[in-house]
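Working notes, beginning with the structure itself.
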C-alpha cells in the first residue's frame, strides 16, 4: 500500500495491466453490477443539468426510471449511485450501431454539448475510491467482465495507473499523479 497525500493507494494499480477493449466487452461494466455507479454528492446537480441535453438518447425505460426516482438513488451501503433500469443498465447508457453500450453523458461531452464528462467514478473505472476516516482508499477493482481489458493491457504493456492517467489527474491532481508515477517507475 502506498500513501500519497490523504490517499492509500493499492499497489495493484502499479502492477496490473489494463486497457478497455470495447469491441469485445461491449461496455458491459455499465450494465452489470449490484447497483449503479457511485456518484459524488456534488455531481448530482451536474447530472440533473445535463439530463435535458441527453434525454432523447436514453431509452424510454431509463426515462421512466428517472421520472420516478431521479438520476440517483441511495444504495444499500448508503452511497449515492446512478439510477438503473431493471437491476441492470445505468440510466445514462445508450447503445451504438455495433451494440456497444456507451455513456450518453460522455457522448454529449465529445459532441461539445456539455462541459461535464461523466461521473468521476465512471471515468476512473476499474479503480474505485472508498472514503475512510482519515484517508481515501484507491483500489483496483478486479472483475471478470473486464478479462478482455486485462488481456489487452498485457498485450500493450499498459498498467492501470497509465491507462487511467486522465481520470486520476481529474480526481487527485497533477502533483498526486506525479507522485504515483514516481513510485511506479521506482518499482521497475
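Details
- Taking a point 7 Å from the Cα of residue 155 along the Cα-to-Cβ direction, the residues of the stretch 5-39 with backbone N closer than 19 Å to it are 16-29.
- Computed per residue of the chain from DSSP H runs no shorter than four, each worth -39500 (n - 2.57), the mean residue ellipticity at 222 nm is -11000 deg cm²/dmol.
- Based on C-alpha pairs under 8 angstrom that are at least 6 apart in sequence, the stretch 26-116 has a relative contact order of 37 percent.
- The relative contact order of the stretch 68-144 comes to 13 percent, based on Cα pairs under 8 Å that sit 6 or more residues apart.
- Between residue 75 and residue 175, the modelled labels are 3.2 nm apart [label points 7 Å from Cα along Cα→Cβ].
- Relative contact order computed over the chain (Cα-Cα under 8 Å; 6+ residues apart), in percent: 33 percent
- Pair residue 1, residue 186: separation of 7 Å Cα→Cβ label points (nm): 1.8 nm
- Rounded to 10°, Cα long-axis angle of helix 60-69 versus longest principal axis of the chain: 80 degrees
- Alpha-carbon centroid distance for the pair the stretch 148-172 / the stretch 1-60, whole angstrom: 14 Å
- The angle between the Cα long axis of helix 44-54 and the longest principal axis of the Cα atoms of the chain comes to about 60 degrees, rounded to the nearest 10.
Only the coordinates and a few stated rules stand behind these numbers; no lab work does. Every value quoted in this text rests on a predicted model; they were computed, and no experiment measured them. Virtual Cβ from ideal backbone geometry, glycine too; neighbours counted across all protein chains shown.
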